[in-house]
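Chemist: Got a structure for you, written out below as structure tokens; questions coming shortly.
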Amino acid sequence: MYVLGIESSCDETAVALVERGEQNRVVDEQIKSQISLHAKYGGVVPEIASRNHYEVIDHLTSEVLKNAGLTMGDIELIALTQGPGLIGSLLIGLSFARGLAFTNRIPVSPVDHIAAHIESSFIENPGIEYPLVALVVSGGHTTLFYQESKFETEIIAKTRDDAVGEVMDKIAKFFGLGYPGGPILDKMYSGGNPRRYSFTAPRMSDGSNDFSFSGYKTAVIRHPEVKGMVVGGQDFNDLVSSFLYSVVGYLLEKTRAAVEEKKVRSLIVSGGVSRNSLLRQMFTDTFAGSSSDSGSDKGIKLYMPSPRFCTDNAAMVAWLGYEKYRAFPGVDYFDPSLNVYSRALFKESKRHR
Ligand code: KG4
Ligand code: ZN
């Protein structure tokens, strides 16, 4: 069947058309990034985001259908991001999807954005085996999940403060490097010495397994040597590389502990920050023992989506929407009370250790 996916939770409007069933492929996807609109503010401005979603969502949908040579009459399911995200932005996606669904009598399958980031790995690797650990690293979230199966999810650890991508964005903003900071710092990594400065990995005073990243931000922007540094100079580049090396090492150690404790078959790393070159390299070296993006070592297989499926996209939404539709046939997919939510849904789970 053809599934239309709609993503509008933050600063990308994305519409994808995927085919699921006998054929499983992304037929077409159109993404309109709002980065240039938010860049001068150094972060996403919610009202600007909603207005832009509103302006482009209709056109992107027409483009996708035109490129696929299809009409709404060919679509059997509409999947959309229900949350978490910016309420105004999510409501544009929901209202648009509902309008399409109502006029064309098409069921609507709402999905969780973070669950869709996990699902993004299945687009290119349908055979990923459970149980698995998934590390979702993005601008809004840094969470380690354990999944017994696709719809049995438990949180192992989540950030207590900033998300890892958010810290990269804030550091870049502080030094006037541009927005979003993640890709900018990524490019700077190879120009510095990652072992020049050291940062202490945070430990929770209450013994919890959660992450914390705000200390990294403070340690970089208030570094005792930072006043004497020239942005773009060698010392500064060394500081950026050392920060990245340390923060990726922290993610890696927590993930390794989770994987060993849970004895899983697969590890997924996804979300915008999983585009990071150093992160991909270090995770591959540790878990795959080769430079490819998937491989096996110690009985566990590592999966990281291709860069286009790491950052926000609608193909992952359509993919998961279809899986939910198949898994829960009794649900009312025409529910008029369907609403959006801003905060992460997954419940707090048992302590990891
Ligand atoms: O998944 P995503 O598109 O949106 C959220 O759900 O948050 O992730 C966006 C985040 C931003 O913080 C951005 O700086 C980061 O992903 N990012 C990167 C890279 N590309 C994007 N971080 C590190 N290295 C990259 N190459
Ligand atoms: Zn995302």
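Nothing in this text is a laboratory measurement; each read-out follows from the coordinates by a stated rule. Bear in mind that the values here come from a model prediction, so they are computed numbers and not experimental data. We place every Cβ from the backbone using ideal geometry, glycine too, and count neighbours over all the protein chains shown.
Chemist: Scan the chain and report its longest stretch carrying no GluC sites (Glu not before Pro) that are both in a DSSP loop and have at most 13 other Cβ atoms within 10 Å. Don't skip to the answer; put the middle values down first.
Modeler: Working: sites that count: Glu22, Glu129, Glu225, Glu348.
Within the chain, the longest run free of exposed GluC sites (Glu not before Pro) spans 226-347.
Chemist: Any idea how far the Cα center of region 126-158 sits from the one of region 14-40, in Å?
Modeler: 22 Å
Chemist: So if I take the alpha carbon set of the chain, get Rg, then get Rh from the Kirkwood formula, what is the Rg over Rh ratio?
Modeler: Numbers: Rg = 20.4 Å, Rh = 20.9 Å.
Reported Rg/Rh (Cα atoms, Kirkwood Rh): 0.98.
Chemist: Please arrange Ile35, Ile156 by how many other C-beta atoms lie within 10 Å of their C-beta, fewest to most. Intermediate values should be presented prior to the final figure.
Modeler: Details: Ile35 13, Ile156 25.
So the ranking, lowest neighbour count to highest, is Ile35, Ile156.
Chemist: As an exercise, find the ratio Rg/Rh for region 159-222 from alpha-carbon atoms, using the Kirkwood inverse-distance average for Rh. Walk me through the numbers on the way to the answer.
Modeler: On the way: Rg = 12.8 Å, Rh = 12.8 Å.
Value, to two decimals: 1.00.
Chemist: Among Thr255, Thr153, which comes first, then next, by fewest other beta-carbon atoms within 10 Å? Mind showing how you got there, number by number?
Modeler: On the way: Thr255 23, Thr153 20.
Sorted ascending by nearby Cβ count, the order is Thr153, Thr255.
Chemist: Straight-line reach only, C-alpha to C-alpha below 25 angstrom: list the lysines that Lys263 could link to, leaving out same-chain residues fewer than 8 apart.
Modeler: Within reach: Lys150, Lys158, Lys254, Lys298, Lys301, Lys347, Lys350.
Chemist: Given an 8 Å cut-off on Cα distances and at least 6 residues of separation, report the relative contact order of region 39-119 as a percent. Please list the in-between numbers first.
Modeler: Values: 69 pairs, mean separation 27.2, N = 81.
Relative contact order for region 39-119 comes out at 34 percent.
Chemist: Using the Karplus curve 6.51 cos²θ - 1.76 cosθ + 1.60 with θ = phi - 60°, what ³J(HN,Hα) values do you get for each residue of region 37-51, in whole Hz, with x for Gly and Pro?
Modeler: Once rounded to whole Hz, the list reads 6, 9, 3, 5, 8, x, x, 7, 9, x, 5, 5, 4, 4, 4.
Chemist: Mind listing the Cα extents of region 42-181 along all three principal axes, in Å, largest one first?
Modeler: Rounded to whole Å, the extents work out to 47, 41, 25 Å.
Chemist: Also: Taking region 205-336 on its own, what percent of its Cα-Cα pair distances exceed 25 Å?
Modeler: On the way: 4097 of 8646 pairs.
Value for region 205-336 (Cα pairs over 25 Å): 47 percent.
Chemist: Would you mind checking which residues have amide H under 5 Å from Ile268's amide H? H placed 1.01 Å from N; only 5 or more apart, or other chain.
Modeler: Val133, Ala134, Leu135, Tyr303
Chemist: Give the share of C-alpha pairs in each 10 angstrom bin for region 112-223, from 0 to the last occupied bin, in whole percents, shortest bins first.
Modeler: Result returned by the calculation: 12, 36, 32, 18, 2.
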